[in-house]
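Comments concern the structure below.
Just so it is clear, none of the values below were taken in a lab; they were calculated from the coordinates. Quick caveat: nothing in here was measured; it's all calculated off a predicted structure. A quick note on method: Cβ atoms are made from the backbone with ideal geometry, for glycine too, and the neighbour counts reach across all protein chains shown.
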Amino acid sequence: MIQVNDITFSYPGSKHKVFDRLSLNLKDNHIYGLLGKNGTGKSTLLYLIAGLLRPKKGSILVDGLTASKRYPEMLQEIYLVPEEYNLPNMSLANYTKIHETFYPRFSKETLNKCLEDFEMPTNINMKQLSMGQKKKVYMSFALATGCHLLLMDEPTNGLDIPSKTLFRKVVAGNMAEDSSLIISTHQVHDIEQLLDHILIMNNSELLLNASSEEVTKQYTFSLRQASEMDDQVLYAEPSLQGNAVIAKRQEGDNETTINLELLFNAVVLGKLK
């Protein structure tokens, strides 16, 4: 479990508080989508959870351990995939040999399976890869660690359209059963089928903190023509096929797939409470 306890944080030299008394509890065995506008602190929160940044006030506990202390027993159970990074000029085999000992449940079988699912070879020199290929390798290694907590910042940036589909397949098929995943992203359509919990934040304010099940119990997402609009519609956006609509779910309504972009816009604009 992750406990964010009344934290305040600002970057050195800046008077702007990214967080001012933010509190949040995240449970185990979930895939969280962390959404928000640019500059609302999504990446910062991931780095705080990983202990790479320290709050000015308050604390963050990861499975009862203070994140900023970076205890070895915490670090072996947490893996962060940042948005931007450089991989060393070495083979993946040598990289694995150096790093796998830090993770007690590291699985070469999972690593090879992820690469296979990503349609990547296993005999790789990491400096010779494109940006998208590097992402595939880094995320494959992350899943192979078997860590209790995975953090991914904009994981689908740099991936082409087929690879974004493969990303969902790789995560769903290779994530350890007792792992949790927090994905921070703007590419909401890339991850909406993966999530079981949605967080929409605006700095220290949580605009939405709900499971996917809670959302689909309360709302339906559909396309409607102008003649079908009624007082159950809470939010709508025009599209080429008609109006993309969020409506109150009525008794007898079938459950619908969440349109995450539509939900995000409705929440940010204050249309859903």
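Let me check against my output: what whole-number percent is the relative contact order of the chain, with C-alpha pairs under 8 Å and at least 6 apart?
19 percent
Along the charge dipole of the chain, Cβ charges K/R +1 and D/E -1, which of Ala50, Phe141, Met1 sits furthest on the positive end?
Of the listed residues, the answer is Ala50.
So which of Lys69/Lys136; Lys57/Lys135; Lys56/Lys97; Lys135/Lys271; Lys42/Lys136; Lys27/Lys97 end up more than 27 Å apart by C-alpha?
Beyond 27 Å: Lys69/Lys136; Lys57/Lys135; Lys56/Lys97; Lys135/Lys271; Lys27/Lys97.
Count the net charge of all other residues whose Cβ sits under 13 Å from the Cβ of Leu111, scoring Lys and Arg as +1 and Asp and Glu as -1.
+1
Answer with one residue from Thr220, Gln232, Leu269: the one whose Cα lies farthest towards the positive end of the charge dipole of region 218-273, charges on Cβ with Lys, Arg +1 and Asp, Glu -1.
Among Thr220, Gln232, Leu269, the one farthest towards the positive end of the dipole of region 218-273 is Leu269.
If you count the DSSP beta bridges with both ends in the chain, what percent of them are antiparallel, to the nearest 5?
The antiparallel proportion sits near 65 percent.
May I ask you to evaluate 6.51 cos²θ - 1.76 cosθ + 1.60, the Karplus curve with θ = phi - 60°, for each residue of region 150-165 and list the ³J(HN,Hα) values in order in whole Hz, giving x for glycine and proline?
Working through the residues one at a time gives 10, 10, 10, 9, 6, x, 9, 4, x, 8, 6, 4, x, 5, 5, 5 Hz.
Across all directions of projection, what mean area in square nanometres is found for the Cα convex hull of region 2-203?
About 11.0 nm², averaged over all directions.
Tally Lys and Arg at +1 and Asp and Glu at -1 over the other residues with C-beta under 13 Å from the C-beta of Ile7: what net charge comes out?
+3
Below 13 angstrom from the Cβ of Phe19, what's the summed charge of the other residues (Lys, Arg +1; Asp, Glu -1)?
Overall, the nearby charge balance is +3.
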